1. Does the range 307-317 contain any residue that is in a helix (DSSP H, G or I) and in contact with a helix residue (DSSP H, G or I) (Cβ under 8 Å, 6 or more places away or on another chain)?
2. Out of the residues in the range 9-26 meeting the condition of being within 12 Å of the ligand (Cβ to nearest atom) and of a type outside the set (S, T, N, Q), tell me which one is most open to solvent (accessible area, probe 1.4 Å).
3. Has the range 64-72 got any residue that is surrounded by 17 or more Cβ atoms within 10 Å (Cβ to Cβ), more than 24 Å from the chain's Cα centre (by Cα) and either modelled with pLDDT of 95 or more or within 16 Å of the ligand (Cβ to nearest atom) (or both)?
4. Please verify whether the range 81-92 includes one or more residues that are touching a residue at least 40 places away in the same chain (Cβ under 8 Å) and of a type outside the set (A, V, I, L, M).
5. Scan Asp86, Asp100, Asp104, Asp136 and give me the residue that is within 20 Å of Ile330 (Cα to Cα) and either over 19 Å from the mean Cα position of the chain (by Cα) or open to solvent by 10 Å² or more (accessible area, probe 1.4 Å) (or both).
6. Among the candidates Thr108, Thr114, Thr142, single out the residue that is within 16 Å of the ligand (Cβ to nearest atom), in contact with a strand residue (DSSP E or B) (Cβ under 6 Å, 6 or more places away or on another chain), in a strand (DSSP E or B) and of a type in the set (S, T, N, Q).
7. Looking at Ser168, Ser209 in this structure, which one is more than 16 Å from the ligand (Cβ to nearest atom), at negative phi, modelled with pLDDT of 95 or more and in contact with a Gly (Cβ under 6 Å, 6 or more places away or on another chain)?
Amino acid sequence: MKRRIGILTSGGDCPGLNAAIRGVARAAYEMFDAEIIGIHDGYRGLIDGDYSEMKRSQFSGILTLGGTILGTSRTPFRDMRKIGDDNIDKVAAMKKTYRDLKLDCLVTLGGNGTHKTANLLSQEGLNVIGLPKTIDNDLYGTDFTFGFHTANDIATEVIDRIHTTAASHGRCMVIEIMGNKAGWLTLYSGVAGGADVILIPEIPYTVESVAKVVKARAESNKGFTIIAVAEGAMTTEEAKMKKKEREAKRAAEHFSSSAFLARQLVEQVGVEARAVVPGHIQRGGSPSAYDRVLSTQFGVHAAELIRDGIFGVTVALKGNAIVHNELKDIAGVPKPVPTDHQLITKAKNIGICFGDK
Ligand code: F6P
């Protein structure tokens with residue numbers, strides 16, 4: 001039986017998307033008679049009917065390639081049911097493209113927003129399978145998303161490189177790691193890079209607590225301090241504000257989390273401080289060996305689900321097993337770092353400061 005599979009990548013890109021696409025395609029061609037349609041730029045392509053029939057050869061040579069061969073875009077879930085100035089009913093348009101293409105299944109690769117829309121489409125009667133990607137690792141129901149480990153390797157290398165220049169100059173270096181809502185990447189790279197202070201959105205901090213560490217190190221024979229701060233880290237005062245108020249404050253001050261903290265430390269401790277923002281470097285380039293393996297397994301699992309006629313689910317890693325969860329159970333559920341996470345406890349027990357004491 002021939003099966004027509006649509007694939008799209010949505011939201012921020014990450015290393016491992018192409019490896020996962022290749023995993024789906026190769027396993028599908030291997031296991032059954034498959035035709036694959038690449039939807040361009042995420043849900044935007046599904047809404048606009050922008051796609052191409054893929055050839056088998058297009059899935060060759062992409063295992064190690066960063067980004068996504070299909071293109072991506074951010075199409076916010078909150079707008080999906082809204083009819084804008086263009087007068088397009090986006091949900092109806094996506095269903096129409098699916099039907100026009102005579103798809104048997106749609107595979108959506110993405111993070112939280114992507115999964116919310118995947119669940120919506122599943123509830124609208126389409127056969128949907130999700131694959132969990134994001135460098136933020138904040139998708140509920142999976143131990144790890146693909147992209148996270150590569151970003152962690154990159155962020156760790158950034159911290160390593162900053163370490164040597166920090167030590168030479170006896171400076172305080174504040175390194176801003178991606179992650180607005182979840183601090184997984186900052187926590188892991190902070191520990192891996194030997195940071196003295198790790199600040200994550202889940203644990204509001206006080207500048208005083210960080211300043212104490214910086215001062216003590218400046219006065220010791222170490223002389224320098226490495227701080228890993230998440231994009232979305234906030235002080236205890238900021239944590240009391242509403243999200244919009246907090247964002248407006250940062251925008252008015254023209255401060256990112258690292259620039260804000262570096263400035264505070266210069267003023268309060270009198271040290272020389274620098275803010276470093278590796279930014280999208282953390283999302284670029286070739287996936288690590290770990291992510292190539294994980295993405296491949298996730299992609300193959302999706303093809304196995306198609307073969308078995310199981311839809312309305314998303315693939316996940318639990319322990320060492322590749323499994324799947326119902327989309328309706330995981331869509332929209334956040335996965336922040338639990339404040340009692342073992343890695344936090346262990347990090348505290350080697351003296352790493354989280355700014356809360
Ligand atoms: O993909 C998630 C993420 O990397 C966040 O950590 C970061 O805040 C955001 O994307 C940046 O998004 P954009 O690519 O739209 O600037």
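1. Within the range 307-317 (the criterion being in a helix (DSSP H, G or I) and in contact with a helix residue (DSSP H, G or I) (Cβ under 8 Å, 6 or more places away or on another chain)), the answer is yes, since at least one residue qualifies.
2. Asp13
3. Scanning the range 64-72, I find no residue that is surrounded by 17 or more Cβ atoms within 10 Å (Cβ to Cβ), more than 24 Å from the chain's Cα centre (by Cα) and either modelled with pLDDT of 95 or more or within 16 Å of the ligand (Cβ to nearest atom) (or both), so the answer is no.
4. Looking through the range 81-92, at least one residue is touching a residue at least 40 places away in the same chain (Cβ under 8 Å) and of a type outside the set (A, V, I, L, M).
5. Only one candidate qualifies: Asp136.
6. Answer to the selection: Thr108.
7. Ser209
Conditions (1) modelled with pLDDT under 95; (2) more than 18 Å from Asp136 (Cα to Cα); (3) open to solvent by less than 50 Å² (accessible area, probe 1.4 Å); (4) over 24 Å from the mean Cα position of the chain (by Cα), marked per residue:
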residue	(1), (2), (3), (4)
Val266	no, yes, no, yes
Pro278	no, no, yes, no
Tyr290	no, no, no, no
Gln297	no, yes, no, no
His301	no, yes, yes, no
Thr314	no, no, yes, no
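The values are calculated or read from the model by the stated rules, or taken from the named source; none is laboratory data. Remember, it's a predicted structure, so these values are computed and weren't measured experimentally. When we count neighbours, we look across all protein chains shown, and the Cβ atoms used for this are built from the backbone with ideal geometry, even at glycine. Calculation scope for accessible area: heavy atoms of the full protein, side chains included, ligands and nucleic acids excluded. Shrake-Rupley method; radii C 1.70, N 1.55, O 1.52, S 1.80 Å.
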